[in-house]
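All remarks here apply to the structure that follows.
The values are calculated or read from the model by the stated rules, or taken from the named source; none is laboratory data. Because the structure is predicted, anything quoted here is derived from the model rather than measured. Here the Cβ positions follow ideal geometry from the backbone for every residue, glycine too, while neighbour counts run over all protein chains shown.
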Amino acid sequence: MSADKRKPILVIGLGRFGQAVAKSLKRMGHEVLGVDCNPQSVQAMADTLTQCVEADTTDTETLRRLGVEDFEAAVVGIGSDIEASVLTTLALSDLGVTQIWAKAVNDNHGRILDRTGATNIVYPEARMGERVAHILSGKMIDYIEFDDDFAIAKLAAPKDIAEKTLGQSAIRTHHGITVVGVKSPTKDFEYAQPHTMIELGDLLIVSGTRQNVERFVAAAS
Ligand code: ADP
């Protein structure tokens with residue numbers, strides 16, 4: 001469930017990740033309280049966020065005094081100090097915060113966060129690494145992978161499906177992937193339909209299991 005627009009959101013740990021999340025939420029119209037134990041990080045965000053507070057969030061009493069129970073969701077952006085990340089997540093969970101989004105730096109960190117009450121765990125560096133590898137190694141222009149083995153990729157239309165409609169090339173039957181959208185150089189993106197004609201030079205957005213998307217892209221020429 002996404003956070004309610006009217007309720008404030010707490011962002012703890014104003015490093016690169018926390019700052020990016022906090023700024024985006026503020027831009028989208030949320031009230032954002034930023035918290036960090038480092039006065040320079042607090043100072044850096046003071047003019048951008050609704051409110052910025054310097055505090056050590058591993059302490060449950062400190063979080064209680066900040067009124068964390070009144071927040072719709074909390075984001076824990078502490079990464080390098082795993083102990084602080086885990087204790088903060090645990091304290092938020094003990095105080096009854098229902099949506100806790102926590103950043104993990106590796107799988108073990110993620111497993112501990114899961115046990116200590118994080119409702120959503122994000123792996124920004126691992127995910128970005130996978131994405132860069134996919135784009136760099138081949139023909140993908142963009143790539144997003146979801147947790148449940150599902151991926152979406154953007155790529156140039158391969159020759160073997162060009163000059164045919166999607167129905168004629170039967171991509172889903174042959175490759176197990178779905179073409180979601182098509183962009184030809186002179187037009188806007190269109191939702192793909194069986195009668196959509198693919199031309200060389202078009203861009204495709206395709207979706208499917210990670211393996212099928214990777215295979216389809218690897219076979220594309
Ligand atoms: P990034 O890689 O996104 O910059 P870091 O883990 O390096 O993430 O930084 C996270 C931020 O969390 C830092 O600004 C740091 O001061 C803050 N932080 C670390 N421990 C605590 C804590 N106990 N309470 C509040 N903020 C903390």
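Among residues of region 57-76 that are within 11 Å of the ligand (Cβ to nearest atom), those with a Cβ under 6 angstrom from a residue that is part of a loop (DSSP other than H, G, I, E, B) and small (Gly, Ala, Ser), sequence gap 6+ or separate chain, pair up as 62/55.
Quick one: count up the residues across region 116-142 that are free of Cβ contacts under 8 Å to residues at least 60 places away in the same chain, within 16 Å of residue 203 (Cβ to Cβ) and either of a type in the set (Gly, Ala, Ser) or part of a strand (DSSP E or B) (or both).
From region 116-142, those free of Cβ contacts under 8 Å to residues at least 60 places away in the same chain are 116-123, 125-133, 135-137, 142; that's our starting set.
Now drop any that are not within 16 Å of residue 203 (Cβ to Cβ), which leaves 135, 142.
Still in the running and either of a type in the set (Gly, Ala, Ser) or part of a strand (DSSP E or B) (or both): 142.
Within region 116-142, residues that are free of Cβ contacts under 8 Å to residues at least 60 places away in the same chain, within 16 Å of residue 203 (Cβ to Cβ) and either of a type in the set (Gly, Ala, Ser) or part of a strand (DSSP E or B) (or both) number 1.
Considering (1) closer than 30 Å to residue 75 by Cα; (2) assigned to a helix (DSSP H, G or I); (3) touching a helix residue (DSSP H, G or I) at 6+ places or on another chain (Cβ under 6 Å), the lone condition that residue 216 does not fulfil carries the number (1).
Residue 112 - would you say it is at pLDDT 95 or above, under 27 Å from residue 27 (Cα atoms) and not in a strand (DSSP E or B)?
Values: at pLDDT 95 or above: yes; under 27 Å from residue 27 (Cα atoms): no; not in a strand (DSSP E or B): yes.
No; evaluated as a whole, the condition is false for this residue.
Here is a yes/no grid of residues against (1) in contact with a strand residue (DSSP E or B) (Cβ under 6 Å, 6 or more places away or on another chain); (2) exposed (fewer than 14 other Cβ atoms within 10 Å of the Cβ):
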residue	(1), (2)
119	yes, no
174	no, yes
195	yes, yes
206	yes, no
209	no, no
214	no, no
217	yes, no
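The residues listed here are 53, 11; of these, the one that is within 13 Å of the ligand (Cβ to nearest atom) and touching a residue at least 40 places away in the same chain (Cβ under 8 Å) is 11.
Here is a check on your reading of the model: is residue 11 touching a strand residue (DSSP E or B) at 6+ places or on another chain (Cβ under 8 Å), of a type in the set (A, V, I, L, M) and over 21 Å from residue 94 (Cβ atoms)? Break it down stepwise before answering.
Details: touching a strand residue (DSSP E or B) at 6+ places or on another chain (Cβ under 8 Å): yes; of a type in the set (A, V, I, L, M): yes; over 21 Å from residue 94 (Cβ atoms): no.
Answer is no for this residue.
Only one entry in 92, 63, 33 is at pLDDT 95 or above, in a helix (DSSP H, G or I) and more than 29 Å from residue 146 (Cβ to Cβ), namely 63.
Go through (1) farther than 20 Å from residue 118 by Cβ; (2) more than 9 Å from the ligand (Cβ to nearest atom) for residue 40 and report which single condition fails. Against the list (1) farther than 20 Å from residue 118 by Cβ; (2) more than 9 Å from the ligand (Cβ to nearest atom), residue 40 comes up short only on (2). Per the conditions (1) away from the ligand (no atom under 13 Å from the Cβ); (2) outside any strand (DSSP E or B), the sole criterion not satisfied by residue 101 is (2). The sole residue among 46, 74 that is in contact with a strand residue (DSSP E or B) (Cβ under 7 Å, 6 or more places away or on another chain) and over 19 Å from residue 103 (Cα atoms) is 46.
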